[in-house]
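Comments concern the structure below.
The values are calculated or read from the model by the stated rules, or taken from the named source; none is laboratory data. Fair warning: this is a prediction, and the values are worked out from it, not measured in the lab. Every residue, glycine among them, receives a Cβ derived from its backbone with ideal geometry; neighbour counts consider all protein chains shown. Quick note on the areas: whole protein, heavy atoms, side chains included, nothing else; ligands and nucleic acids left out. Shrake-Rupley method; radii C 1.70, N 1.55, O 1.52, S 1.80 Å.
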Amino acid sequence: MELIKLASIGLVLGITTVVPGVSAGTIAVAFNVYDRLIQVVTPNVKKIFAARMFLLPLIVGGGAGIFLFSKLLTVLLANYSVPTYWFFIGIIAGSIPMIYRRVCRSGSAHSGGKAARPPLSAVFCAAVAFALMALMAVVKPAENTTAYTALTPPVFGILAAGGALAAVAMIIPGTSGSFLLLVVGLYRTAVQAVSDLNVLILVPLALGAVAGVLAGAALVRYLLAKAPRQTYGAVLGLVAGSLLVLYPDGFGNGAAIVLSLASVAAGGAISLVFGHKN
């Protein structure tokens, strides 16, 4: 049962990875797997192997989400974009109370893990992070209409660097790797390469992504060890601010309103069910 649950979470993570503006890190937090992922994503092969029963279902589900549901997600975003984004908003909004509890209790061993008021420093981190996400909501980059399809040494370097930056963004809750690919003009290249299974283009993207994931995870581990409450304060601001980035300007018209309301309710319920152990 646990394997099915992890594979299902991986499926959602894979799907959200290809949606600009939706943070896979946020979804991992909402589904209560973020902390464990950060701890096991290291160059330490023994540590990774020891966590294989946790990682493998997530990887399999994530791969399925990326390759099998990319076209379905494209159809949903093209025809039902408003309800689709409300579904993701529901998932993210449902995780906010859980993150707030972590801001209150993280690092408060003297209180026996009981909730306390968040320190002023954590509130400041949350406010700064929220402001950054609000800025991202205003700045909407235009998608590059060209895509790299042939591999040359300069293109290899560009793709590897873009993959690394996107992976670091993906690790940090509230920020979207796909959104960053849009910013640097590589989103269409990545999507087309996945759709066409263009291995030559995917290899440098994947190599860069691996390096970015390892670097991003190491950074988050360091911050959580040194300043857990402030780090979760920043995460709270990023996650709450991501709602502004995803907001689709209303609930739509006619039947779309009912579908949007049902979608946000379903997303919130799923988030609460998967993250209730926090």
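Before moving on, here are some points about what is shown:
- All of 3, 37, 13 fail the test of being in a helix (DSSP H, G or I) and either open to solvent by 50 Å² or more (accessible area, probe 1.4 Å) or free of Cβ contacts under 8 Å to residues at least 24 places away in the same chain (or both), apart from 3.
- Filter pass, residue 146 being farther than 29 Å from residue 221 by Cβ, open to solvent by 30 Å² or more (accessible area, probe 1.4 Å) and modelled with pLDDT under 90: yes
- Of all residues making up the stretch 194-226, the number that are among the small types (Gly, Ala, Ser) and without any contact (Cβ under 8 Å) to a residue 24 or more places away in the chain: 1
- Residue satisfying condition, being assigned to a helix (DSSP H, G or I), modelled with pLDDT of 90 or more, of a type outside the set (Lys, Arg) and open to solvent by 30 Å² or more (accessible area, probe 1.4 Å), within set 202, 244: 202
- Selection status of residue 121, more than 19 Å from the chain's Cα centre (by Cα), open to solvent by less than 30 Å² (accessible area, probe 1.4 Å) and either at pLDDT below 85 or closer than 25 Å to residue 26 by Cβ (or both): no
- Looking only at residues in the stretch 211-237 that are of a type in the set (A, V, I, L, M, F, W, C) and open to solvent by 50 Å² or more (accessible area, probe 1.4 Å), the one that is nearest to residue 44 (Cα to Cα) is 214.
- In the stretch 48-72, the residue that is modelled with the lowest pLDDT out of those that are within 17 Å of residue 16 (Cα to Cα) and open to solvent by less than 20 Å² (accessible area, probe 1.4 Å) is 65.
- Any hit, the stretch 73-83, residues being hydroxyl-bearing (Ser, Thr, Tyr), part of a helix (DSSP H, G or I) and either modelled with pLDDT under 80 or more than 24 Å from residue 223 (Cβ to Cβ) (or both): yes
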